[in-house]
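Have a look at the structure below before the remarks.
The values are calculated or read from the model by the stated rules, or taken from the named source; none is laboratory data. These numbers were taken from a predicted model, which means no experiment stands behind them. So basically every Cβ, Gly included, is an ideal-geometry build from the backbone, and we count neighbours across all protein chains shown.
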Amino acid sequence: MSKEKLLRIENLTLHFNTQKGPVQAVDGVFFELGHKEAVVVLGESGCGKSSLAKALLRLLPRNVSRYDGKVYLEGTEIMGMDDETYRRNVRWIRMSLVPQAAMNSLNPVLKVGDQVAEPMVVHHGVKKEEALVQAAKMFQHVGVPVDFLDRYAFELSGGMRQRVAIAMALVTAPGLVVLDEPTSALDVLTQANIFNVLKRLKHELEVSFILITHDIATSSELADSVAVMYAGQIVETSDARSFFKEPLHPYSRMLMASVPRLRANIEPEFITGQPPSLLHPPTGCRFADRCPKRFSKCSEEPPVFNVESKQVKCWLYES
Amino acid sequence: MTTTTNEKKTLVEVKHLVKYFPVRAGLLQRTVAHVQAVDDVSFNIKEGETVGMVGESGCGKTTIGRTMLRLVEPTSGEVIVDGKDVFKMRAPQLKEMRRNMQIIFQDPYASLDPRMPIGESVMEGLNIHKMGTKQERYELMLKTLKKVGLEEYHSRRYPHEFSGGQRQRIGIARALALQPKFIVCDEPVSALDVSIQSQVLNILKDLQKEFGLTYLFIAHNLSVVEHISDRVAVMYLGKMVELATREDLYREPLHPYTRALMSAIPIPDPSIKRERIILKGDVPSPLNPPKGCRFHTRCPIAVSQCSQEEPQFKEVKPNHWVACWLAE
Ligand SMILES: Nc1ncnc2c1ncn2[C@@H]1O[C@H](COP(=O)(O)OP(=O)(O)OP(=O)(O)O)[C@@H](O)[C@H]1O
Ligand code: SF4
Ligand SMILES: [Mg+2]
């Protein structure tokens with residue numbers, strides 16, 4: 001057998017109960033991630049990206065109607081663990097999360113240093129002084145001056161608060177960090193800075209990232225591989241190099257064409273229409289309504305086809 | 001291109017606009033300091049033109065837009081629209097002016113009343129200004145919704161039934177219904193997915209062509225304004241630091257801050273190796289902006305003069321204005 005991947009996800013599914021019926025937010029998601037690598041999960045608003053993060057970290061709301069699939073973390077299947085085992089061995093210990101809009105959800109009445117130290121106290125049972133030393137180290141890694149440990153969130157700029165949120169996810173030294181839209185609320189310059197920090201952390205701390213975002217251009221800065229999500233499903237996985245050169249799935253191609261480029265004569269395009277409702281997703285290809293390449297076959301659900309080392313869920317790639 | 005814009009008549013003139021927000025503290029709520037949100041900004045916009053305005057959050061872009069419409073009272077300066085000073089207007093004139101000058105907000109979620117069917121929202125302004133008969137207002141609402149790609153049945157639905165892009169189009173319809181001449185577009189696509197941004201931009205462009213609209217288009221990213229602007233202004237910490245035609249600004253940015261903004265734009269192609277100018281630190285507090293050139297604390301090419309004297313905003317090339325000691 002080849003070298004064990006850090007993470008392998010198979011058929012991960014998370015549905016929610018609502019008054020109108022089940023919402024299929026995550027529906028058979030799959031992808032892999034190597035050690036010290038970053039995978040970008042790309043998709044439009046509402047396609048289930050944050051739900052995927054919740055499913056991975058088992059941070060589930062009450063109204064779950066279906067939650068299954070397999071997730072192998074360094075060879076160990078974690079979906080089958082009971083909650084207590086999961087809590088003691090996985091969340092924060094081996095995998096942590098920077099939630100969407102994390103910088104706006106820091107506790108306003110606690111010093112940011114104490115907040116970053118807290119997961120160490122809670123999950124590794126170390127003393128507060130020791131945890132603060134570790135927090136100070138993390139501040140240095142993410143580029144926040146150490147004397148900011150004693151400040152409150154409102155005293156920091158958006159970019160600094162986001163770095164603090166990242167430090168908090170890193171303090172327990174997990175091998176894998178899930179980042180949900182880490183820069184979408186920030187300016188371009190701050191975004192560029194945060195991405196430089198993430199790139200550096202990948203090397204310095206030997207950590208892997210799952211970067212969840214709708215921003216294809218920014219994501220290309222960090223990605224080693226890409227998984228494209230559409231209406232709760234993965235429609236393409238690829239190594240970053242070939243993806244950014246030429247994506248395969250019609251949806252990925254349209255996403256790429258919508259990025260505005262400087263001094264380009266071509267105007268950016270846009271994807272007409274909207275993603276389907278996850279309440280009653282269409283039975284055939286979920287992208288068919290908006291797809292310029294649609295043909296008769298597309299009224300049936302396409303399987304996942306292997307194209308060299310890439311995978312595409314689209315009938316055009318049936319061989 | 002430049003010659004034709006030159007021949008056009010100036011619609012909006014902003015002269016030495018200043019807006020300081022008082023910071024109050026203590027029991028007596030005494031003013032202890034001022035946030036210098038906008039500090040001596042001058043520019044004009046010609047009829048049918050789009051001026052893009054770019055800068056980091058907190059640099060004063062939104063305040064400029066809102067002060068121009070007098071949604072925020074200015075500290076000093078003048079805004080002349082169609083020959084009349086907006087800041088000297090009294091209630092009846094102001095009401096008339098507000099019909100002619102509209103604003104589209106950044107957040108398509110917060111700017112619509114959740115309890116009002118969107119058709120009503122679009123008609124609200126028409127009702128306030130008592131434009132035409134009830135029937136005429138209804139028809140104008142439908143016509144405006146069509147312009148942004150929505151149908152009659154949409155008019156009876158509530159905001160939560162729409163996606164972000166659709167809500168932003170409703171916001172545009174709301175502004176457009178009053179048939180204004182000038183629209184401040186305050187980050188109208190920043191909250192939207194990249195995949196639908198250009199749809200909203202295209203609608204704004206088509207409407208401009210059809211109705212001869214004039215826009216001030218605010219954004220934090222230079223790549224967003226490129227395709228829509230005739231001229232582009234760059235703001236830093238309450239000051240305008242560069243203003244040029246789109247062609248000149250993107251071909252030859254002269255201010256180091258503009259160059260940094262330009263280099264920070266991500267390109268979805270990891271094979272292109274670029275040198276990104278990463279600025280040190282954060283934007284300083286507008287409570288206490290740096291002396292001299294406000295940018296000198298982060299400027300990669302600053303010389304000693306920069307920390308002592310403030311550079312003037314000067315026309316260093318035809319129609320290309322810059323405030324930088326090294327750009328002369
Ligand atoms: N607890 C819940 N109960 C019911 N539906 C939910 C719940 N959480 C999420 N959803 C629905 O699941 C779908 C996917 O939501 P999710 O937040 O995962 O999307 P997303 O891709 O993260 O979107 P965004 O880019 O806007 O953050 C949406 O239709 C959402 O309304
Ligand atoms: S399966 Fe058909 S509809 Fe779906 S993406 Fe491929 S071509 Fe388009
Ligand atoms: Mg999300």
Filter pass, A:Arg87 being outside the structural domain of A:Asp150 (by TED's automatic domain parsing), surrounded by fewer than 17 Cβ atoms within 10 Å (Cβ to Cβ) and away from ligand 1 (no atom under 16 Å from the Cβ) | yes
Please verify whether the stretch B:262-282 includes one or more residues that are of a type outside the set (Ser, Thr, Tyr), in contact with an Asp or Glu (Cβ under 8 Å, 6 or more places away or on another chain), closer than 30 Å to A:Val144 by Cα and at the interface with chain A (Cβ under 10 Å from one of its Cβ atoms).
-> yes
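Can A:Ala131 be described as within 25 Å of A:Val90 (Cα to Cα) and more than 21 Å from the chain's Cα centre (by Cα)?
yes
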Do we have any residue at all in the stretch A:304-315 that's more than 12 Å from ligand 2 (Cβ to nearest atom), among the hydroxyl-bearing types (Ser, Thr, Tyr) and within 13 Å of chain B (Cβ to nearest Cβ)?
-> no
Residues located in the stretch A:148-162, provided they are more than 18 Å from B:Val283 (Cβ to Cβ) and assigned to a helix (DSSP H, G or I) = A:Leu149, A:Asp150
Options A:Ser51, A:Ser96; residue that is farther than 25 Å from B:Ser163 by Cβ, within 14 Å of the chain's Cα centre (by Cα) and at pLDDT 95 or above = A:Ser96
The stretch B:186-221, residues that are in contact with a strand residue (DSSP E or B) (Cβ under 6 Å, 6 or more places away or on another chain), buried (at least 24 other Cβ atoms within 10 Å of the Cβ) and within 12 Å of chain A (Cβ to nearest Cβ) | B:Ala219
Reported set for the stretch A:184-227 where residues are among the β-branched types (Val, Ile, Thr), assigned to a helix (DSSP H, G or I) and more than 10 Å from every other protein chain (Cβ to nearest Cβ) is A:Ile194, A:Val197
Filtered residues of the stretch A:59-78 (kept if in contact (Cβ under 8 Å) with a residue 24 or more places away in the chain, more than 9 Å from ligand 1 (Cβ to nearest atom) and assigned to a loop (DSSP other than H, G, I, E, B)) | A:Leu59, A:Glu74, A:Gly75
Within the stretch B:126-139, the count of residues that are out of contact with any helix residue (DSSP H, G or I) (no Cβ under 6 Å at 6 or more places or on another chain) and either of a type in the set (A, V, I, L, M) or surrounded by 13 or more Cβ atoms within 10 Å (Cβ to Cβ) (or both) comes to 3
Unmet requirement for A:Lys297, which otherwise passes all of (1) at pLDDT 95 or above; (2) more than 8 Å from ligand 2 (Cβ to nearest atom) | (2)
Confirm whether A:Ala153 is at pLDDT below 95, outside the structural domain of A:His214 (by TED's automatic domain parsing) and either within 24 Å of B:Ile277 (Cβ to Cβ) or more than 16 Å from ligand 2 (Cβ to nearest atom) (or both).
-> yes
Inside the stretch A:15-58, can you point out the residues that are within 14 Å of chain B (Cβ to nearest Cβ), within 16 Å of ligand 2 (Cβ to nearest atom) and part of a strand (DSSP E or B)?
-> A:Leu42
